[in-house]
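The values are calculated or read from the model by the stated rules, or taken from the named source; none is laboratory data. Quick caveat, the model's predicted, so the values are computed rather than measured. Don't worry about glycine lacking a Cβ; one is built from the backbone with ideal geometry, like all the others, and counts go over all protein chains shown. Ligands, DNA and RNA are excluded from the accessible area calculation, which covers all protein heavy atoms including side chains. Shrake-Rupley method; radii C 1.70, N 1.55, O 1.52, S 1.80 Å.
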Amino acid sequence: MIPPGVSRRSFLNASAALTAGAPFLAALLKAQSGEAKGPLMAYVGTFSSPLRDVLPTQVDLPPGNGRGIHLFQVNRTTGVMTPSGVYELGTSPSCLALNAAGTRLYSANETDRVGDGKEGTISAFAINRADGHLKLLNTVRSGGAGPTYASVHPSGRFLLVANYFGGSVAVLPILPDGSLGAATDVKNDADKLGPTTATNAPPGSFAFSGHDRTHAHMIQADP
């Protein structure tokens, strides 16, 4: 039955379009169903050992036992994690960030050896949705030394980076394929340092900051 107010020609054209689109719709639903049944992955950033591209004194604590980015498959029912490989990096990819679609992963590599400015690096990876494995897209300078934190801007178009040893924050554009461009903006904190010990420290306290320069710990955009 043709709905009131709709011509026979319009009705037949719409029906033909829906019929032609049915195989595409079925394929799309099948792909989405298959994707939902894909592996649930956890990615763990680590301090690398050995540190192949960083100074031994770069981190506050001794180098860890990580070999790069460690992959785990998560059981959706029990939550149990099973090792599923390692993307080996000797640059301490300590902080990881995912894009909203879960198709790209970014690592803040706490190096300080790149270029004349002794910068760290950020790596971009494509995630294989079938097995969760990583494919390196590119690696770029982070805009300062020792990047310790990275987050994806809500627009999905930029990666925000905090450089711990460089005392700076930087903006890196995310290109259409998910790889990264060179930093388009870097802000350095050049203000004076605070006291080594707290002005109002309790009597007998030996606590001190240990900060010989500014250190950017984190950068995150509000919604």
Response to the item:
Computed over the stretch 95-223, the relative contact order (Cα-Cα under 8 Å, seq sep at least six) in percent reads 20 percent
Fill in: Cβ charges +1 (Lys, Arg) and -1 (Asp, Glu), total dipole of the stretch 65-147, debye
240 debye
Worksheet entry | Accessible-area value, Thr77, 1.4 Å probe, nucleic acids and ligands omitted, Å² | 130 Å²
Worksheet item: At each listed q (0.16, 0.22, 0.26 Å⁻¹), what is the log10 of I(q)/I(0) that the Debye formula gives for the stretch 94-177 modelled as equal alpha-carbon point scatterers?
Response: -0.55, -0.97, -1.24
